[in-house]
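The values are calculated or read from the model by the stated rules, or taken from the named source; none is laboratory data. Bear in mind the structure is a predicted one, so any value in this text is a computation, not a measurement. Positions of Cβ are backbone-derived with ideal geometry, glycine not excepted, and every protein chain shown enters the neighbour counts.
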Ligand SMILES: C[S@@+](CC[C@H](N)C(=O)[O-])C[C@H]1O[C@@H](n2cnc3c(N)ncnc32)[C@H](O)[C@@H]1O
């Protein structure tokens, strides 16, 4: 498992520090996942689902080793630190305990008593009695054990509850799978004076946060179709009726000339469009209802956008004779041609200015602090926070 995580190209591999690698080698993962066979337990890239709920489907899992190692590295954990883990599987808390050592302290909190009972049992059975296990909604943090040098959140968060910032020491680290515009990134933040500033951002997927700070995305079925669903994370189209029957208008195709290798990460392209293209959303197509009104490459995830009565989504086509694809746009609506041009221009801007770069610096300000909207930064306002995205300028 560890050897696989060390291979070149593994997401977050740069964060596999020696102390984290040592913890991965020392804590027997299979003993914390009795529901899995050895192969599943040590699969480096797959989570193991541990609880299913009739209504919501899967509600708990033990995350994939690659994700766990990456997040511990993003938190820059060191011996002697005090750490809060949000979301309890048992194994990850044991890894953290191993890294912070006998002088450190670990608290893990989960909203679900079945999950904390399981974590308590497994931690006790495997020599980690010192880890504190708390059943509570982590939207309020765990005040009794604060302040923390690091908080590692292992459920997808749409916002940053004030308690997480308040319960960090000055200069403390928050690592959180943060959801903006339907995209989730594991962001490593450092806190100063109540403001969080990102130091790393890596692609990931997580079960969503439940409880007081859960957030439902807006699902919008595209007019005139049964199968096309648009997912808006930060507000839906103002006048959805403008889009009625939009897919019956003639489709405009624009190819951008931007080609990417098949294995090249495009997470910054997704984030660039999400933060610069108003009306950005994620499109899914239900294969059971598919009538061919749209033809995405991946029915489960396509970047898309709406503006007024126009609708567009991104597509790719293979470059003949090369292991690469070219990005293009399919657009519909009264000004489809202009809309396709605008979307294509942003893809070319990403290619010219941001491709291969570090992505935006993300800052999270308390909602009470006014943000400078005249700057180049993109601002997304959530329930508790303003989040700014500052793309590097060359
Ligand atoms: C991916 S699992 C945790 C994985 C775990 N850290 C591990 O060892 O890999 C996500 C967990 O977050 C918990 N959770 C969701 N919302 C929560 C909340 N508001 N407060 C505390 N726990 C929450 C769920 O019950 C679930 O058990």
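Anything in the stretch 217-252 that is in contact (Cβ under 8 Å) with a residue 40 or more places away in the chain and assigned to a strand (DSSP E or B)? List them, or say none.
The answer is 220, 228, 229, 230, 231, 232, 252.
Conditions tested, residue by residue: (1) in contact with a strand residue (DSSP E or B) (Cβ under 9 Å, 6 or more places away or on another chain); (2) buried (at least 22 other Cβ atoms within 10 Å of the Cβ).
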| site | (1), (2) |
| --- | --- |
| 284 | yes, no |
| 288 | no, no |
| 303 | yes, yes |
| 308 | no, no |
| 327 | yes, yes |
| 333 | yes, yes |
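Could you tell me how many of the residues in the stretch 152-179 are assigned to a strand (DSSP E or B) and surrounded by 22 or more Cβ atoms within 10 Å (Cβ to Cβ)?
11
Counting only residues that are touching a helix residue (DSSP H, G or I) at 6+ places or on another chain (Cβ under 7 Å), within 14 Å of the ligand (Cβ to nearest atom) and under 12 Å from residue 89 (Cβ atoms), give me the helices (runs of 4 or more DSSP H) lying completely in the stretch 27-74 with at least 2 of them.
29-32, 65-74
Out of 157, 212, I need the residue that is closer than 28 Å to residue 66 by Cα and either outside the structural domain of residue 75 (by TED's automatic domain parsing) or within 16 Å of the ligand (Cβ to nearest atom) (or both). Which one?
157
Residues to consider are 176, 258; find the one that is in contact (Cβ under 8 Å) with a residue 12 or more places away in the chain and assigned by TED's automatic domain parsing to the domain that holds residue 328.
258
I'm trying to understand the selection: among the residues of the stretch 90-113, which are within 12 Å of the ligand (Cβ to nearest atom), more than 16 Å from residue 148 (Cβ to Cβ) and either surrounded by 14 or more Cβ atoms within 10 Å (Cβ to Cβ) or not assigned by TED's automatic domain parsing to the domain that holds residue 30 (or both)?
90, 91, 94, 95, 110, 111, 112 - these are the residues of the stretch 90-113 that are within 12 Å of the ligand (Cβ to nearest atom), more than 16 Å from residue 148 (Cβ to Cβ) and either surrounded by 14 or more Cβ atoms within 10 Å (Cβ to Cβ) or not assigned by TED's automatic domain parsing to the domain that holds residue 30 (or both).
Results for (1) at pLDDT below 90; (2) in contact with a helix residue (DSSP H, G or I) (Cβ under 8 Å, 6 or more places away or on another chain), shown as yes or no for each residue.
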position: 185; (1), (2): no, yes
position: 213; (1), (2): no, yes
position: 232; (1), (2): no, no
position: 238; (1), (2): yes, no
position: 251; (1), (2): no, yes
position: 264; (1), (2): no, no
position: 273; (1), (2): no, yes
position: 277; (1), (2): no, yes
